[in-house]
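I have a structure here, written as structure tokens, and I will follow up with some questions on it.
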Amino acid sequence: MSSMSSHRRTSHTARRRVAAVALVGVSALLAAAVQSGAASAAPQKPVPGRIDPGAVALRLTPSQRAELIRDADAAKATTAKDLGLGAKESLVARDVIKDADGTVHTRYERTYGGLPVLGGDLVVDTAKSGRTERVIKATGAAIKVASLTPAVAAGTAERQALSAAKADGSKKTDADRAPRKVIWAANGRPTLAYETVVGGFQDDGTPNQLHVITDATTGNELYRYQGIET
């Protein structure tokens, strides 16, 4: 996530806002599941002003968090099988939250045929006993595309992204990195696509990056959003 020069924010339609929520919503749900105690083994009627101590997130040390992520990643093949994911799908453990009662909320990113699935994140809530209690998916659609061979050249996607960035005031002549193939799943129908990133600045001078998603079969722009560069 290079030198940048765009000076405007990209406008978002309601459709784009919905898609953005699909991309980041799972991370928010991960926190919400902990705060609400939604992953408790036996749902109970909430008592006003009373917090279930078992659903309070523990303060993990960096080493504890890293160990939990390693454990989840080591078991990812079994987890994928238990969740009924397809043969071409794999999981990558990205984050964890652990409750005082031992419940672990693990956020996974998904890949399909080795390609990252944007909008395909999921959260698995696991009880202290090891039993899976709940799965929260960013998309309910089955991840499957007809082909992983694009009909549109990567250069076409890059030119489209640069054109979009220039329309927003950017003076960049090259993308920050070559377009990468992805599976775009945030709109509900998984599609082979390219993700191209072009750098810029927000109005306050904050470095950001314009991400443009291009359909790898039709060449149509599927989505664009601004991400803050850190």
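Readers should treat all values here as calculations from the given coordinates under stated rules, not as data from a laboratory. Fair warning: this is a prediction, and the values are worked out from it, not measured in the lab. All Cβ positions, even for glycine, are placed from backbone atoms using ideal geometry, and neighbour counts span all protein chains on display.
Compute the length gained on full extension between ALA141 and VAL56: take 0.36 nm times their separation in residues and subtract their Cα-Cα distance, giving the result in nm to one decimal.
Between ALA141 and VAL56, full extension yields 27.4 nm more.
Rounded to the nearest 20 Debye, what is the dipole magnitude of region 74-173 about its Cα centre when Lys and Arg each give +1 and Asp and Glu each give -1 at the C-beta?
Roughly 280 debye, rounded to the nearest 20.
Return, for the Cα atoms of region 36-189, the radius of gyration and Dmax in Å, separated by a comma.
20.0, 59
Cβ neighbours within 10 Å, averaged per peptide: list 126-133, 151-158 in order, most packed at the top.
Highest to lowest by the protection proxy: 151-158, 126-133.
Would you calculate the separation in nanometres between label points at VAL92 and ARG65, each defined as 7 Å from the Cα along the Cα-to-beta-carbon direction?
1.8 nm
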